[in-house]
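Undergrad: Provided herewith is a single structure, encoded as structure tokens, for subsequent inquiry.
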Amino acid sequence: MAIILDGKKLRDKIFEDLKAKLDNMPVKPTLAVILAGDEPSSRIYVNNKKKCAEKLGINSIVIEYPAHVTEEELLNKIQELNNDKNITAILVQLPLPEHIDKFKIIDAISPGKDVDGLTTYNSGKLFSGEKPYVYPCTPKGILLLLDEYDIKLEGKHAVVIGRSNLVGKPVAQMLLQRNATVTMCHSHTKNLSDIIKTADIIISAVGKNVVGEKNIIKSDCVIVDVGIFRDESGKVRGDVDFEALSKTAAYISPVPGGVGPMTIASLMLNTVELHK
Ligand code: NAP
């Protein structure tokens with residue numbers, strides 16, 4: 001049976017350390033979250049972030065806009081937050097309404113307040129091998145989880161499934177910087193199961209069941225499941241068939257309870273880092 005990569009346990013440990021640090025800070029950091037539109041899951045994510053921040057002693061404000069908000073309104077608000085000395089970190093909850101250019105909005109955030117590490121400045125630093133202000137939350141959480149279980153990356157074949165700016169691309173880059181050999185897969189990849197067979201580490205960030213019981217994996221394979229979606233019965237699922245693969249992999253992260261809690265832990269860590 002695989003060892004479970006327990007994101008909840010590590011998140012709690014990180015929160016304990018952070019809380020102690022924050023208790024000793026005379027001025028607490030402030031996280032500003034912009035929520036535009038009426039996507040129910042976005043609202044749940046934002047509420048969770050706010051609750052978590054407050055529990056730790058991070059101030060948090062949520063600025064809400066209706067789905068018909070204009071780009072100009074969002075850009076003006078971001079400018080105001082950039083100039084506000086009391087604001088430490090800015091997060092724009094994605095997805096944004098369709099008529100909004102998300103790249104333009106994200107890039108309006110001052111790089112030193114870009115808590116998700118998604119601006120061109122911070123991702124450019126990451127991709128050129130320099131240190132960004134902070135690393136993107138989900139990839140950072142994944143690496144923290146692998147490190148916690150002392151999983152070596154150097155020389156390993158890491159297969160990243162999904163190539164989004166949010167997860168796939170930055171995590172691949174971070175693995176590369178840790179001297180893994182990285183293969184990136186996406187919806188046009190032809191021989192995914194052949195590639196999976198050769199993986200020492202699989203990071204799957206798709207949002208569909210792409211790794212199932214028919215997949216042959218190495219016996220020492222480490223599986224990190226980033227995906228979250230609801231199946232036909234409404235049950236929350238990951239990209240990986242946990243039942244089947246937890247019998248054959250060496251390590252596996254569950255959904256829920258794996259990468260999700262690590263993403264929020266990284267968000268809190270990044271907020272405190274930007275405060276410095
Ligand atoms: P995204 O932007 O929708 O990207 C999905 C990626 O999956 C795309 O690169 C797509 O390829 C690829 N893909 C689609 N079908 C595929 C297939 N059959 N085989 C291989 N690749 C395929 O998603 P995202 O923002 O990266 O999120 C991915 C998943 O992770 C979602 O379920 C999301 O909810 C979850 N997520 C979880 C957390 C967390 O904290 N746990 C954080 C972020 C995201 P193309 O590029 O070719 O279209």
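The values are calculated or read from the model by the stated rules, or taken from the named source; none is laboratory data. Please read all numbers here as calculations on a predicted model, not as lab measurements. Using ideal geometry, Cβ is built from the backbone for each residue, glycine included, and neighbour counts are taken over all protein chains shown. What goes into the accessible areas is simple: the full protein's heavy atoms, side chains included, and nothing from ligands, DNA or RNA. Shrake-Rupley method; radii C 1.70, N 1.55, O 1.52, S 1.80 Å.
Undergrad: Pick out, from 204, 97, 233, the residue whose Cα sits farthest towards the positive end of the charge dipole of the chain, with +1 on the Cβ of Lys and Arg and -1 on the Cβ of Asp and Glu.
TA: 204
Undergrad: Per residue, how much accessible area does the chain have with a 1.4 Å probe, in Å²?
TA: Spelled out: the 1.4 Å probe surface of the chain, per residue, equals 50 Å².
Undergrad: Moving on. What does the helix-only formula give at 222 nm for the chain: each DSSP H stretch with n ≥ 4 adding -39500 (n - 2.57), the total divided by the residues, and the result rounded to the nearest 500 deg cm²/dmol?
TA: Working: 10 runs with 110 residues, N = 276.
Theoretical 222 nm ellipticity from helices: -12000 deg cm²/dmol.
Undergrad: Moving on to the next point. For the ranges 48-58, 249-259, 231-241, what's the packing order if you count other beta-carbon atoms within 10 Å of each residue, average per peptide, and put the highest first?
TA: 249-259, 48-58, 231-241
Undergrad: With the contact rule set at Cα under 8 Å and sequence spacing of 6 or more, what percent relative contact order holds for the chain?
TA: For the chain, the relative contact order is 22 percent.
Undergrad: Work out the FRET efficiency for residue 64 and residue 98 from their Cβ-Cβ distance, taking R0 = 22 Å, and round it to the nearest 0.05.
TA: Details: r = 18 Å, r/R0 = 0.81.
Rounded to the nearest 0.05, the efficiency is 0.80.
Undergrad: Shape call for the chain from the C-alpha gyration tensor, a ≥ b ≥ c root eigenvalues: rounded (a/c under 1.5), prolate (a/b greater than b/c) or oblate?
TA: prolate
Undergrad: Where a ≥ b ≥ c are the square roots of the eigenvalues of the C-alpha gyration tensor, would you call region 204-264 rounded, which needs a/c under 1.5, or, failing that, prolate if a/b is larger than b/c, or oblate?
TA: In terms of gyration-tensor shape, oblate.
Undergrad: Rounded to the nearest 0.05, what FRET efficiency is calculated for residue 51 and residue 83 with R0 set to 22 Å and r the Cβ-Cβ distance?
TA: Working: r = 27 Å, r/R0 = 1.25.
After rounding to 0.05, the efficiency reads 0.20.
Undergrad: Give the percent of DSSP beta bridges with both residues in region 24-165 that are antiparallel, rounded to the nearest 5. Walk me through the intermediate numbers first.
TA: Details: 0 of 12 bridges.
The antiparallel fraction comes to roughly 0 percent.
Undergrad: For the chain, what is the percent of antiparallel DSSP beta bridges, rounded to the nearest 5?
TA: The answer is about 5 percent antiparallel.
Undergrad: Consider just the alpha-carbon atoms of region 1-83 and return their Rg together with their Dmax, both in angstrom.
TA: In order Rg, Dmax, the Cα atoms of region 1-83 give 16.5, 53 Å.
Undergrad: Shifting gears a bit: Taking a probe of 1.4 angstrom, what is the accessible area of residue 242 in Å², to the nearest 10?
TA: 80
Undergrad: What does the C-alpha gyration tensor say about the overall shape of region 163-261? Classify as rounded when a/c is under 1.5, otherwise prolate if a/b is larger than b/c, or oblate.
TA: Numbers: a/c = 1.44, a/b = 1.21, b/c = 1.19.
Rounded.
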